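Q: One structure coming up, written as structure tokens, with questions to follow.
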Amino acid sequence: MAVKVVAFDVYDTLARWPDDHVAPIEVQRLLARFGVEISYQAYEAARHYVLFFDSVARRIEGWTDFLALVFGRMNTPISVDLLTSLTAVYERRARMTPFDDALPAIEAAGKAGLRTCAFTTLPEFMFRHGGSRILSALDHYFDGAAIGLPKGHPRFYRRITETLGVAPPDILCVGDDPICDIELPADAGWRTVHLVRSGRPPGSGERTIASLSDVTRYFNDA
């Protein structure tokens with residue numbers, strides 16, 4: 001059975017966060033200057049809650065929306081001005097940077113007559129700021145809001161298969177995480193390719209690549 005869809009993970013596969021990405025302790029210190037005391041660990045826990053629960057319940061439109069939900073989960077009221085200031089920090093320093101091999105790999109799949117999609121935990125707005133060209137090249141962006149389940153849930157992968165209207169083996173997925181990008185998709189019947197970029201521990205198995213430019217060799221799997 002030939003491949004019909006190529007599914008790409010986003011974080012550390014198509015793109016990465018900048019080196020000066022906002023750290024939770026920075027948020028704690030920024031808020032403290034305005035008299036708002038929080039725990040950076042609680043902030044990080046609330047951030048993950050929003051990612052895995054709130055962003056599944058509804059589409060999150062941007063950093064203001066996201067951060068308001070985070071502070072709501074922390075039961076920490078902050079002023080509109082402070083929320084606006086923190087939003088500006090994230091918009092400036094939380095722009096994802098696509099890898100050089102990302103767009104060419106997506107375009108190669110399209111030229112081969114294959115559909116493309118992203119499957120990810122990250123709400124679309126987080127990728128949009130730095131990855132707009134990649135978003136426009138993809139046929140689908142499957143995040144929690146699109147599927148109604150967080151990535152890592154077994155039904156997340158099955159629902160993507162159903163939405164695409166193909167058989168599970170028709171999907172070739174590539175990603176860097178050995179569990180949510182390889183093991184769980186394989187359990188759902190997808191074909192998998194493990195991306196292990198330079199500087200990372202070496203991968204195991206025959207279907208391991210070091211660059212997205214190498215994924216094209218699996219487009220004609222039968």
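Q: Can you name every one of the helices (runs of 4 or more DSSP H) wholly within the range 33-137 that holds 3 or more residues which are closer than 24 Å to Asp181 by Cβ, modelled with pLDDT of 95 or more and in the same structural domain as Leu184 (by TED's automatic domain parsing)?
A: 102-111, 124-137
Q: Also, I was wondering about something else. Within the range 150-177, track down each residue that is in contact with a strand residue (DSSP E or B) (Cβ under 7 Å, 6 or more places away or on another chain) and buried (at least 16 other Cβ atoms within 10 Å of the Cβ).
A: Selection gives Lys151, Ile160, Thr161, Leu164, Val166, Asp170, Ile171, Leu172, Cys173, Val174, Gly175, Asp176.
Q: Might you check whether a residue that is touching a Lys or Arg at 6+ places or on another chain (Cβ under 7 Å) and either without any contact (Cβ under 8 Å) to a residue 24 or more places away in the chain or surrounded by fewer than 19 Cβ atoms within 10 Å (Cβ to Cβ) (or both) occurs anywhere in the range 66-88?
A: Initial filter on the range 66-88 (touching a Lys or Arg at 6+ places or on another chain (Cβ under 7 Å)): 70.
Okay, now just the ones that are also either without any contact (Cβ under 8 Å) to a residue 24 or more places away in the chain or surrounded by fewer than 19 Cβ atoms within 10 Å (Cβ to Cβ) (or both), so none.
Scanning the range 66-88, I find no residue that is touching a Lys or Arg at 6+ places or on another chain (Cβ under 7 Å) and either without any contact (Cβ under 8 Å) to a residue 24 or more places away in the chain or surrounded by fewer than 19 Cβ atoms within 10 Å (Cβ to Cβ) (or both), so the answer is no.
Q: Related question: Which residues, counting only those in the range 19-36, are more than 20 Å from His48 (Cβ to Cβ) and under 18 Å from the mean Cα position of the chain (by Cα)?
A: Scanning the range 19-36 gives a single hit, Asp19.
Q: Return only the number of the condition from (1) in contact with a helix residue (DSSP H, G or I) (Cβ under 9 Å, 6 or more places away or on another chain); (2) polar (S, T, N, Q); (3) over 30 Å from Thr163 (Cβ atoms) that Asn75 does not satisfy.
A: Status for Asn75: all satisfied but (1).
Q: Which ones in the range 128-148 are surrounded by fewer than 20 Cβ atoms within 10 Å (Cβ to Cβ) and hydrophobic (A, V, I, L, M, F, W, C)?
A: Leu135, Ala137, Ala145 - these are the residues of the range 128-148 that are surrounded by fewer than 20 Cβ atoms within 10 Å (Cβ to Cβ) and hydrophobic (A, V, I, L, M, F, W, C).
The values are calculated or read from the model by the stated rules, or taken from the named source; none is laboratory data. Since the model is a prediction, treat every value here as computed from it, not as a measurement. With ideal geometry, Cβ positions are generated from the backbone for all residues, glycine too; neighbour counts draw on all protein chains shown.
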